[in-house]
Amino acid sequence: MATVLLPLPDRDFDVTEVAVPWRVLTDAGHRVVFATEQGGHQPAADPRLLTGVLFGQLGAASQPKAFYASLEHDDAFRAPLAWGTLDPAAYDALLLPGGHAPGMRQYLGSEVLQAKVAEFWSLGRPVAAICHGVLVLARTLDPATGRSVLAGERTTCLPKYLERTAYWLTAWRLGRYYRTYPAYVQDEVCAALDRIEQFERGPVELSKRGTASDDGPAFVVRSGRYLSARWPGDAYLFAKTLVDLLA
């Protein structure tokens, strides 16, 4: 059994990108440990993804929402650890989920969390990041080089076309809800790489999502012990691939 560390903000993380990996990992016999900035209090997913972003659409699918309902009763989720108290060496893998709503900035921009991520990265153990979660790694510097820990890795992340399309579809009602930062996620991640060719966008997909039984629409990139994925539609394949890495 492996112990997987899953840091989170206090609010606004993506339902699918947390609940699906939690379910797949625990069903495979692994333990998931959660951590927030201060610890001790149960975090909360982006509520729009539970009720529907716009006119009941664009939210999480029914199965991930059911997983999240179960997750809310998990003791480790209800009483997360604090980022600053973490001992990275105590964990076998690190999983960095995403989300785009404003509360995610607490997690995406934390220097405390980045310091812990840098420590974990140096251990050479599996690291998995999905969607905006890849930004945490892009912003985490290797103390030995002063460059991003992703500099030499192949990676994907939330593609610019997906982030831009979601914004265009909803800005008239929700403003910048889908634009977490002025820069697109893809642009910031690519700027952290040695070569632009290390970035892999994956097939263009605007609506179809992978499921527990169908990985056809999903896409992940594995670069040694590092695993990345684009968006909630990749969550099942992402989680299953992480289980394979842990094996």
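Each reported figure results from applying straightforward, stated rules to the coordinates on display, with no laboratory input. Keep in mind the model is a prediction, meaning the values are calculated, not measured. Virtual Cβ from ideal backbone geometry, glycine too; neighbours counted across all protein chains shown.
Scalar couplings 3J(HN,Hα) for the stretch 38-45, obtained by applying the Karplus form with A = 6.51, B = -1.76, C = 1.60 to θ = phi - 60°, are 9, x, x, 10, 5, x, 9, 6 Hz; x denotes Gly and Pro. Length gained on full extension, Ala171 to Ala144, computed as 0.36 nm times the residue gap minus the Cα-Cα distance: 5.5 nm. Evaluated over the chain, the count of Lys pairs having alpha-carbon atoms less than 22 Å apart is 4 (only pairs 8 or more residues apart or interchain). A simple rule links phi to the HN-Hα coupling: the Karplus curve 6.51 cos²θ - 1.76 cosθ + 1.60 with θ = phi - 60°, which for the stretch 205-213 gives 8, 9, 9, 5, 10, x, 10, 4, 10 Hz, with x for Gly and Pro.
Applying the Karplus relation 6.51 cos²θ - 1.76 cosθ + 1.60 with θ = phi - 60° to the stretch 192-198 yields 3J(HN,Hα) values of 8, 8, 5, 9, 4, 5, 6 Hz, where x marks Gly and Pro.
In this structure the amide hydrogen of Arg147, modeled in the peptide plane, comes within under 5 Å of the amide hydrogens of Asp142, none closer than 5 places in sequence on its chain. Tell me whether the stretch 1-113 comes out rounded, prolate or oblate; compute the Cα gyration tensor, take square roots of the eigenvalues as a ≥ b ≥ c, and use a/c under 1.5 as the rounded threshold. Judged from the Cα gyration tensor, the stretch 1-113 comes out oblate (a/c at least 1.5, b/c at or above a/b).
Here the gap between Arg78 and Arg222, fully extended at 0.36 nm per residue and compared with their Cα-Cα distance, gives a gain of 48.7 nm. In this structure the amide hydrogen of Glu200, modeled in the peptide plane, comes within under 5 Å of the amide hydrogens of Thr155, Thr156, none closer than 5 places in sequence on its chain. Using the Cβ of Gly233 as centre and a radius below 13 Å, the other residues enclosed give a net charge of -3, where K and R count +1 and D and E count -1. The tail of the calculated P(r) for the stretch 119-247 beyond 19 Å holds 50 percent of all Cα-Cα pairs. Build a GNM of the chain with springs between Cα atoms under 10 Å apart, and of Thr36, Thr165, Thr155 the one that fluctuates most is Thr165.
Spacing of the modelled spin labels on Arg164 and Ser70, each 7 Å from Cα toward Cβ, amounts to 3.9 nm. Amide H contacts under 5 Å for Arg11: Ala44, restricted to partners 5 or more places along the chain or on a different chain, H placed in the peptide plane at 1.01 Å from N. Count Lys and Arg as plus one, Asp and Glu as minus one, and take only other residues whose Cβ is under 9 Å from that of Ser223; the net charge is then +2.
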